[in-house]
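The values are calculated or read from the model by the stated rules, or taken from the named source; none is laboratory data. Model, not experiment: these values are computed from the prediction. Backbone-built Cβ (ideal geometry, glycine too); neighbour counts: all protein chains shown. Calculation scope for accessible area: heavy atoms of the full protein, side chains included, ligands and nucleic acids excluded. Shrake-Rupley method; radii C 1.70, N 1.55, O 1.52, S 1.80 Å.
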Amino acid sequence: MARTEVSDRGLPSWLHPVRDAARTVRPDQLSRFLPPENGAGRPSAVLVLFGEGRQGPELLLLERASSLRSHAGQPSFPGGALDPEDGDPQGEGRLRAALREAEEETGLDPSGVQLFAVLPSLYIPVSGFVVTPVLGWWRRPTPVAPVDTAETARVFTVPVSELTDPGNRATAVHPSGHAGPAFLVGPALVWGFTAGVIDRILYYAGWERPWDRDRRVSLDWRA
């Protein structure tokens with residue numbers, strides 16, 4: 001099995017704050033939902049992929065198909081559960097899974113992606129996944145689009161400037177009463193696990209701008 005490495009060689013300087021934050025951030029600084037101590041939970045990984053677009057730095061996201069059993073219709077990072085062929089779920093298996101799932105979902109060429117950091121694993125109680133965010137630099141972008149429309153409704157990029165714009169930020173309120181950060185970007189409401197990771201990256205990289213945390217948005221905001 002070929003090695004999959006993490007390297008910050010040649011990383012653009014604007015990504016250095018993200019790299020530096022990833023080196024020191026603790027799991028409890030990212031989420032209150034941490035992997036069960038008994039080892040339960042299905043190992044998975046997501047690719048947090050930064051690129052350089054027409055409006056500057058951007059993130060790659062996708063919208064999950066509305067027919068899926070879990071997290072239907074949600075914007076999310078590319079990613080999914082580890083397969084046995086990915087290898088060690090505590091080591092390089094997470095890197096391979098993030099790249100493999102991104103290729104399967106968006107059609108990107110993983111050879112153009114440079115993985116530069118790995119965040120601590122977090123837990124999604126509703127689905128039982130233990131998720132490792134793998135950070136990448138889209139060194140050589142390739143065309144992306146939904147590979148299987150039964151799984152992915154669309155693939156899109158969001159400028160970091162839109163994510164840091166206070167006018168696009170709100171607190172999403174789930175019908176269960178749980179509240180968390182959200183981003184209103186174009187036709188998408190980014191919330192849940194994905195918004196939580198983005199929120200913490202912006203904060204610890206020093207990119208966050210003051211925003212109105214009392215602004216609430218329900219998950220049926222388009223109704």
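Structure data summary
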| item | result |
| --- | --- |
| Contour minus Cα-Cα distance for Thr142 and Ala188 (0.36 nm per residue) | 14.3 nm |
| Amide H contacts under 5 Å for Arg215, placed H, 5+ residues apart | Thr171 |
| Spatial separation of Cα centroids for segment 134-168 and segment 51-130, in angstrom | 11 Å |
| Modelled FRET efficiency - R0 45 Å, Ser176 with Ser7, Cβ distances, 0.05 increments | 0.65 |
| Antiparallel bridges, percent of DSSP beta bridges restricted to segment 134-223 (to nearest 5) | 75 percent |
| Sparsely packed trypsin sites (Lys or Arg not before Pro) within segment 1-58, loop by DSSP, other Cβ within 10 Å at most 10 | Arg3, Arg9, Arg32, Arg54 |
| Net charge over other residues, Cβ less than 12 angstrom from the Cβ of Ser31 (K, R count +1; D, E count -1) | +1 |
| Under 19 Å from the Ser218 label point (7 Å along Cα→beta-carbon), backbone N, segment 148-178 | 170-178 |
| Zone of Tyr203's modelled label, taken as backbone nitrogen in segment 112-147 under 15 Å from a point 7 Å along Cα→Cβ | 120 |
| Relative contact order %, the chain, counting alpha carbon pairs below 8 Å whose residues are six or more apart | 24 percent |
| Table column - 3J(HN,Hα) (Hz), segment 15-20, Karplus curve with 6.51, -1.76, 1.60, x for Gly and Pro | 8, 4, x, 5, 4, 5 |
| Accessible surface of the chain [probe 1.4 Å, protein heavy atoms]: carbon and sulfur percent | 50 percent |
| Shape of segment 71-223, Cα gyration tensor, a/c cut at 1.5 | prolate |
| Relative packing of 132-138, 211-217, which averages over residues the other C-beta atoms within 10 Å, highest first | 132-138, 211-217 |
| Phi-based couplings in Hz for segment 165-181 (Karplus 6.51, -1.76, 1.60; Gly and Pro marked x) | 5, x, x, 9, 10, 7, 10, 7, 10, 7, x, 6, x, 5, 10, x, x |
| Most mobile listed residue (Leu189, Leu34, Leu99) in the chain, GNM with C-alpha springs under 10 Å | Leu34 |
| Accessible solvent surface per residue of segment 1-107, calculated while the other protein chains remain in place, 1.4 angstrom probe, Å² | 53 Å² |
| Gaussian network model of the chain, springs between alpha carbon atoms under 10 Å - residue of Glu208, Glu151, Glu37 with greatest fluctuation | Glu37 |
| Point-charge dipole on Cβ atoms (K/R +1, D/E -1) for the chain, about Cα centre, debye to 20 | 460 debye |
| Most mobile of Leu15, Leu60, Leu119 in a GNM of the chain (Cα contacts under 10 Å) | Leu15 |
| Per-peptide average of other Cβ atoms within 10 Å, ordering 108-115, 122-129, 45-52 highest first | 45-52, 108-115, 122-129 |
| Summed side-chain charge close to Gln55 - residues other than Gln55 whose Cβ falls under 12 Å, Lys, Arg +1, Asp, Glu -1 | -3 |
| DSSP bridge pairs, the chain: antiparallel proportion in percent, nearest 5 | 75 percent |
